[in-house]
Structure formats: C-alpha cells, structure tokens
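The values are calculated or read from the model by the stated rules, or taken from the named source; none is laboratory data. Since this is a predicted model, take the numbers as computed values, not measurements. Reconstructed Cβ throughout: ideal geometry from the backbone, glycine too, with neighbour counts over all protein chains shown.
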Amino acid sequence: MTRIDVQGLTKRYGPDTVVDDLSFTVEPGQVTGFLGPNGAGKSTTMKMIMGLAAPTRGSVTIGGRGYRDLPVPLTEVGALLDAGAVHGSRKAYDHLLSLAVSNGLSRGQVGEVLARTGLEGVAGKRVGGFSLGMRQRLGIAATLLGDPQVLIFDEPVNGLDPEGIRWIRDFMRSLAREGRAVLVSSHLMSEMAQTADHLVVIGRGRVIADTGMSEFLQTNGVSSVLVRTLEPGAFARRLTAAGATVRDGRESSLVVSGMTSEDIGRLAVYHGVALSELAPQRASLEDVFMELTKDSLEYEGATAA
C-alpha cells in the first residue's frame with residue numbers, strides 16, 4: 001500500500017519561510033483533509049509533493065520514492081492542483097488521450113475514466129465550453145488515468161453547486177474505500193467534516209494538529225448547551241454568577257459553556273426559571289478550526305460594530 005511521507009519539510013523564499021519543518025503522513029484507505037488559513041503553506045506543500053517546487057530542507061516521498069524518481073508518475077500519483085490548466089479549444093477526449101499517450105497508457109483508459117466521472121456524453125465537446133463542475137470532473141478523470149494509489153486534490157469543490165460538491169465528496173470517499181491514499185485541501189469546513197477521516201491542520205507553515213476527525217473534535221471542541229427561556233437576560237446573569245460563560249444565540253436563545261446541562265437545569269429549578277429548551281451541543285469543525293487557527297491568520301477582517 002502506497003502512502004505519502006512528509007519529513008521536516010521547509011520552504012523559504014528569500015527571508016520568508018512559507019513551510020516550516022512540516023512532517024505528516026497520508027495513509028492509504030482514508031481521506032486526509034489538509035486544512036489551514038490562507039497563506040498557511042498548503043499549496044506550496046502540495047507543489048513540493050509533486051516536484052513542482054524544491055524544498056529548502058526536508059523530504060517528501062510517495063511509496064518511498066521522490067516524485068522525480070517515479071518511472072511513470074501518473075501510475076503512482078494523480079493530482080488536481082488547477083482545474084483550469086487545460087487548453088480550452090481541446091476536446092475532453094483529446095485532452096485525456098494526450099495525457100495517456102505521453103505516459104505510455106492505453107486508449108482504453110480514457111474511456112474508463114470518462115465513464116467513471118460521468119463525462120462520456122461530453123467527451124467530444126471542447127473544454128472551453130465546460131462549466132466549472134465539468135472542468136473539475138475532467139481534472140479528476142486525468143488524475144485517474146494511470147490508476148494511481150495516491151491522489152491529491154487542491155480545493156476541488158471551490159465554486160461548485162451543491163450537486164457538484166456532493167458528487168466530489170462521494171467520489172473522494174469511494175477512492176479511499178478502494179485503498180487509495182487521498183489528500184484533499186479545502187476551505188469548506190462543513191464539507192471536510194463529511195469527507196475526511198483524518199486531518200492535518202497547519203498554520204504559518206507549521207503543523208497545528210495531525211489526528212483523526214473524531215479525536216480532533218473531541219480534543220479541541222468545547223461543549224456548549226443551548227438554553228431557551230422567556231427571561232433570557234435575567235437567567236444569563238444567574239448563569240454568569242454561577243461561573244458559566246454565556247453568549248447570545250439565535251432567536252433569543254443562550255449558548256452556555258463551562259456548565260453541564262444538568263447543572264443548568266438545577267440552577268433553573270432553584271431560581272424558579274422555566275426552560276423551554278435545554279440541548280447539549282458539540283462545536284462544529286468550523287468552530288474548532290477557527291479557534292485553533294486564530295493566532296495563525298495572515299489577514300483578519302475587522303469585526304462589525
């Protein structure tokens with residue numbers, strides 16, 4: 001089984017360190033989500049994995065070898081780093097055929113990947129007329145030409161409609177079930193929560209977290225309790241006095257942390273406060289990600305007054 005090994009990877013451009021002593025592995029049989037704020041070094045790391053940028057220090061191997069040492073790279077690793085990197089006047093079939101022929105692959109592979117990505121009906125159409133979703137599918141088809149065991153996707157769902165996002169999510173999961181190692185970067189936290197088995201989170205070029213999805217949420221997620229009452233302001237003061245942290249939620253609800261739902265219920269009974277809702281909640285992947293990376297943001301928007 002083939003995996004990606006990143007060891008002590010560092011990349012500097014002049015005085016700027018973009019990737020700083022990065023180490024992680026992408027294991028076969030699972031989708032690894034590669035997350036980080038803008039400027040964290042995700043795209044640079046992916047370029048170094050693919051041999052498009054030389055590391056200042058450290059190493060990256062795919063199945064124990066560097067990308068440049070792979071005899072037929074497309075049969076070992078497929079990567080979609082830019083869905084727009086295809087000539088618009090070329091037909092979809094011809095684009096894939098040129099890739100297959102240049103890598104010593106059979107014409108039959110072209111038909112197979114077109115079928116698997118749902119592009120058979122547009123194989124004879126020029127790519128310039130494709131929607132963004134169709135271009136993404138074509139890029140994914142190209143990554144599969146050599147039936148590689150390692151697949152890398154950089155922001156594959158950007159700009160897609162819900163149907164396209166769902167298709168790509170299910171497709172990534174199916175590739176992992178086949179025993180392939182799948183590395184995916186994305187800014188859509190809700191999508192990563194449904195797609196990734198494992199997470200590698202980086203900030204300012206360094207690893208912040210490298211763990212399974214459930215462990216990541218359990219370790220970093222802060223539980224809260226949603227509370228509704230006819231007297232939210234008064235009960236919020238009671239909760240704060242008892243040591244809880246309270247913030248306003250939607251529709252006049254209270255979001256309480258630092259106190260269990262049982263303790264909140266007892267406090268309400270003691271003070272004769274009627275509760276219409278008392279619901280424990282877990283932090284979402286987006287909530288945990290934002291909290292974990294808040295000190296690693298390159299740019300931060302102003303908060304509205």
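Using the structure shown, decide if Lys11 is among the basic types (Lys, Arg), surrounded by 19 or more Cβ atoms within 10 Å (Cβ to Cβ) and at pLDDT below 95.
no
A Cβ distance below 7 Å, combined with a sequence gap of six or more or placement on separate chains, defines the contacts here; from the stretch 95-118, residues that are closer than 17 Å to Met134 by Cβ reach residues that are part of a loop (DSSP other than H, G, I, E, B) and among the β-branched types (Val, Ile, Thr) in the pairs His95/Val86.
In the stretch 189-207, the residue that is farthest from Ala40 (Cα to Cα) out of those that are part of a strand (DSSP E or B) and among the hydrophobic types (A, V, I, L, M, F, W, C) is Leu199.
Name the one entry in Arg206, Arg266 that is over 14 Å from the mean Cα position of the chain (by Cα), closer than 30 Å to Arg57 by Cβ and surrounded by fewer than 18 Cβ atoms within 10 Å (Cβ to Cβ).
After applying the criteria, what remains is Arg206.
As a summary of the residue check, Gln7 satisfies the conditions (1) within 30 Å of Gln194 (Cα to Cα); (2) not in a strand (DSSP E or B) except for the one numbered (2). Residues in the stretch 133-179 that are of a type in the set (Lys, Arg) and closer than 16 Å to Gly33 by Cβ: 2 in all.
Being assigned by TED's automatic domain parsing to the domain that holds Thr143, within 21 Å of the chain's Cα centre (by Cα), among the hydroxyl-bearing types (Ser, Thr, Tyr) and part of a helix (DSSP H, G or I) is a property that Thr32 lacks. Could you go through the stretch 47-62 and let me know if any residue there is out of contact with any His (no Cβ under 6 Å at 6 or more places or on another chain), closer than 19 Å to Ala176 by Cα and at pLDDT below 95. No; the residues of the stretch 47-62 include none that is out of contact with any His (no Cβ under 6 Å at 6 or more places or on another chain), closer than 19 Å to Ala176 by Cα and at pLDDT below 95.
Here are Gln136, Gln149: which of them is of a type in the set (S, T, N, Q) and within 17 Å of His87 (Cβ to Cβ)?
Of the residues listed, the single one that is of a type in the set (S, T, N, Q) and within 17 Å of His87 (Cβ to Cβ) is Gln136.
Out of Ala176, Ala193, one residue alone is among the aliphatic types (A, V, I, L, M) and modelled with pLDDT under 90. It is Ala193.
Selection of the stretch 83-94 for residues being under 28 Å from Ser186 (Cβ atoms) and either free of Cβ contacts under 8 Å to residues at least 60 places away in the same chain or out of contact with any helix residue (DSSP H, G or I) (no Cβ under 8 Å at 6 or more places or on another chain) (or both) yields Gly84, Ala85, Val86, His87, Gly88, Arg90, Ala92.
For every residue, the table says whether it meets (1) farther than 27 Å from Leu145 by Cβ; (2) in a loop (DSSP other than H, G, I, E, B).
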| residue | (1), (2) |
| --- | --- |
| Thr17 | yes, no |
| Leu22 | yes, no |
| Thr25 | no, no |
| Ala40 | yes, yes |
| Gly51 | no, yes |
| Pro71 | no, yes |
| Ala79 | no, no |
| Ala83 | no, yes |
| Tyr93 | no, no |
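Set side by side, the residues Gly139, Gly118, Gly128, Gly146 differ, and just one is touching a helix residue (DSSP H, G or I) at 6+ places or on another chain (Cβ under 6 Å) and either in the same structural domain as Val182 (by TED's automatic domain parsing) or not in a helix (DSSP H, G or I) (or both), which is Gly146. Tallying residues that are surrounded by fewer than 18 Cβ atoms within 10 Å (Cβ to Cβ), within 20 Å of Met46 (Cβ to Cβ) and over 10 Å from the mean Cα position of the chain (by Cα) within the stretch 153-188 yields 2.
Phe34 satisfies every condition listed in (1) under 19 Å from Leu199 (Cβ atoms); (2) touching a Gly at 6+ places or on another chain (Cβ under 7 Å); (3) at pLDDT 95 or above except (2).
Checking the condition modelled with pLDDT under 80, of a type in the set (A, V, I, L, M) and either in contact with a helix residue (DSSP H, G or I) (Cβ under 8 Å, 6 or more places away or on another chain) or farther than 16 Å from Thr293 by Cα (or both), which residue from Leu183, Leu226, Leu188 passes?
Every option except Leu188 fails the conditions.
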